[in-house]
Amino acid sequence: MLGTVVATLTGLTVRDRKSWRVGLYGYNGCLVGVALPTFLEMSPLVWGCIVLGSIISVVSTLCIADILKTWKVAALTAPFVFTTWIILLSSYAFSSLHNGGLPHPSFPHQFIVETNSTENRHYVFDSLFNGISQIFLFSSLIGGILFLIGLAIESLWAAIFAVCGSFLAILTATFLMANYDSIHLGLYSFSAVLTAIALGSTFNNPSWRVLAYTLIGVIFTVIVQGALDTLLSPLGIPTLTMPFVLASWLFLVPNKEIMPAHRQ
């Protein structure tokens, strides 16, 4: 709530009132407000970081949007990712920021999966909705269902693509023999869900051609997730939604060339 309010108020300084009214300056601040308490121990300083990070997220949105305007691609959640990464990385330098929730820095190593891990009969069902709730950095069956209902109220197609994206991400990560617990918690699904919504319904009108394009994008997002997990493990910071950002940018830049009739 704090991040959303601060970012939205900061957005009042921008001349683009249309974007401000639809919340384009608030959602990255909202995610900053969710992420920092997840990975840092709460203190007055962290509250201050949320305020500062939410303000910076608006500045980052304007900066990234200006850079990307040549390709007519949205900033998506990149401002949230970059802002949060900087604050989390700084916690290793400042002892007043306690980063107990961050992953332990480690060098990449080959993961060996247990072949019988997926025998849990609730595995797919739980993972499906955990992947949706993980967009806001927590795993919850009920939370995922509630988020899906909210999506359906706003856009039925968005809800359908969210479910398809989460399910395909589970299948892809399982086929590639990723860590069972990570799959079950939705850590391989949340970026894929966002990619599915972006490619399938936000920036395109749903069609069979769009569906095929979206499914390829979702599979690639899972691979990007694994690659960024490996890349960032020595730094001890999470990937956040960067797999979604990178995969979506890659697919949205040539979007008008591949399916011009479906561009909104």
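At-a-glance table
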read-out	value
Tally of residues being touching a Cys at 6+ places or on another chain (Cβ under 9 Å), of a type in the set (Gly, Ala, Ser) and not in a loop (DSSP other than H, G, I, E, B) across the stretch 1-50	2
Any hit, the stretch 27-42, residues being more than 17 Å from the chain's Cα centre (by Cα) and exposed (fewer than 15 other Cβ atoms within 10 Å of the Cβ)	yes
The listed residue being modelled with pLDDT under 95, aromatic (Phe, Trp, Tyr), closer than 27 Å to Trp249 by Cβ and surrounded by fewer than 17 Cβ atoms within 10 Å (Cβ to Cβ), out of Phe107, Phe136, Phe111, Phe125	Phe136
Tabulated pairs, the stretch 9-27, first of a type in the set (A, V, I, L, M, F, W, C), second part of a loop (DSSP other than H, G, I, E, B), C-beta under 8 angstrom, 6+ apart or interchain	Val14/Tyr25; Trp20/Leu12; Trp20/Val14
Matching residues, the stretch 141-179, being buried (at least 20 other Cβ atoms within 10 Å of the Cβ), aromatic (Phe, Trp, Tyr) and under 15 Å from His122 (Cβ atoms)	none
Matching residues, the stretch 15-34, being touching a Ser or Thr at 6+ places or on another chain (Cβ under 6 Å) and hydrophobic (A, V, I, L, M, F, W, C)	Cys30, Val32
Some residue of the stretch 80-103 being modelled with pLDDT under 95, over 18 Å from Val46 (Cα atoms), out of contact with any helix residue (DSSP H, G or I) (no Cβ under 8 Å at 6 or more places or on another chain) and exposed (fewer than 14 other Cβ atoms within 10 Å of the Cβ)	no
Subset tally (residues that are among the polar types (S, T, N, Q) and in a helix (DSSP H, G or I)) for the stretch 51-96	8
Residue count for the stretch 189-248, restricted to those that are of a type in the set (D, E, K, R) and under 17 Å from the mean Cα position of the chain (by Cα)	1
So Thr241, is it under 30 Å from Ser91 (Cβ atoms) and out of contact with any Cys (no Cβ under 7 Å at 6 or more places or on another chain)	yes
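Residue-by-condition table, conditions (1) over 16 Å from Ser166 (Cβ atoms); (2) at pLDDT 95 or above; (3) outside the structural domain of Asn130 (by the TED database):
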residue: Gly186; (1), (2), (3): no, no, no
residue: Ala192; (1), (2), (3): no, yes, no
residue: Ile197; (1), (2), (3): no, yes, no
residue: Ser201; (1), (2), (3): no, no, no
residue: Asn205; (1), (2), (3): yes, no, no
residue: Trp208; (1), (2), (3): yes, no, no
residue: Leu215; (1), (2), (3): no, yes, no
residue: Ile219; (1), (2), (3): no, yes, no
residue: Val222; (1), (2), (3): no, yes, no
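The values are calculated or read from the model by the stated rules, or taken from the named source; none is laboratory data. Computed from a predicted structure; not experimentally measured. All Cβ positions, glycine included, derive from the backbone under ideal geometry; neighbour counts span all protein chains shown.
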